[in-house]
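Step one of this worksheet: look at the structure below.
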């Protein structure tokens, strides 16, 4: 009985979080922020809402947990009585790893991949992989994809559909732990189903249900 009640509470909490997410993105758009279609922008992404009209995010961009998008910098305000402001233009299909910080006055080209905890303080050309503080280009997306495509031929592989309905079962966890004992692996075939099901918090341009 208790488990049924907890399950119901969990579903209610999930529905409330989705409504909060939708309302948040709608509010940002009302304030002037431009958010494209199929954007993965979780609640943990901190957006500079007071200056969000200076921010635009292209279609199919995705942000990992705890990313930050800043369009103003007031750190020198006490000394200079001035705050730096700048547009943040993020073109389509960019992916930002956990904790990426994007500073004011940058333009990020299409299909850029940012490694976790990078600090993007300058504009980035399209099809680049960036890493570091400050973030620097460490390679091209073409080479990055080619490297992982080669690795996928021999690394442990798990299909999205195989695990999505039974991800946390004891059997699946045991299998994954065994196969990943000495190496890393990949989950494949998840992007399409996730987009179709609406899993995750996408911008208001796409239904969450």
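The values are calculated or read from the model by the stated rules, or taken from the named source; none is laboratory data. Predicted, not measured: the structure shown is a model, and the values here were computed from it. We place every Cβ from the backbone using ideal geometry, glycine too, and count neighbours over all the protein chains shown.
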Qualifying residue in the stretch 50-61 (condition: under 23 Å from residue 19 (Cβ atoms), at pLDDT below 95, under 13 Å from the mean Cα position of the chain (by Cα) and not in a loop (DSSP other than H, G, I, E, B)): no
Of residues in the stretch 71-84 being in contact with a helix residue (DSSP H, G or I) (Cβ under 8 Å, 6 or more places away or on another chain) and assigned to a loop (DSSP other than H, G, I, E, B), the one surrounded by the most Cβ atoms within 10 Å (Cβ to Cβ): 71
Strands (runs of 3 or more DSSP E) fully within the stretch 97-176 counting 3 or more residues that are surrounded by fewer than 17 Cβ atoms within 10 Å (Cβ to Cβ): 136-140
When residues of the stretch 85-96 are limited to those that are assigned to a loop (DSSP other than H, G, I, E, B) and touching a helix residue (DSSP H, G or I) at 6+ places or on another chain (Cβ under 9 Å), the one surrounded by the fewest Cβ atoms within 10 Å (Cβ to Cβ): 87
Top-ranked residue in the stretch 12-49 [being outside any loop (DSSP other than H, G, I, E, B) and touching a strand residue (DSSP E or B) at 6+ places or on another chain (Cβ under 8 Å); ranked as surrounded by the fewest Cβ atoms within 10 Å (Cβ to Cβ)]: 46
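Listed here are the residues, each with its yes/no results for (1) in contact with a helix residue (DSSP H, G or I) (Cβ under 8 Å, 6 or more places away or on another chain); (2) within 24 Å of residue 42 (Cβ to Cβ); (3) at pLDDT 55 or above.
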{"position": "157", "(1), (2), (3)": "no, no, yes"}
{"position": "160", "(1), (2), (3)": "yes, yes, yes"}
{"position": "170", "(1), (2), (3)": "no, no, yes"}
{"position": "174", "(1), (2), (3)": "no, no, yes"}
{"position": "186", "(1), (2), (3)": "yes, yes, yes"}
{"position": "189", "(1), (2), (3)": "yes, yes, yes"}
{"position": "198", "(1), (2), (3)": "no, yes, no"}
{"position": "209", "(1), (2), (3)": "yes, yes, no"}
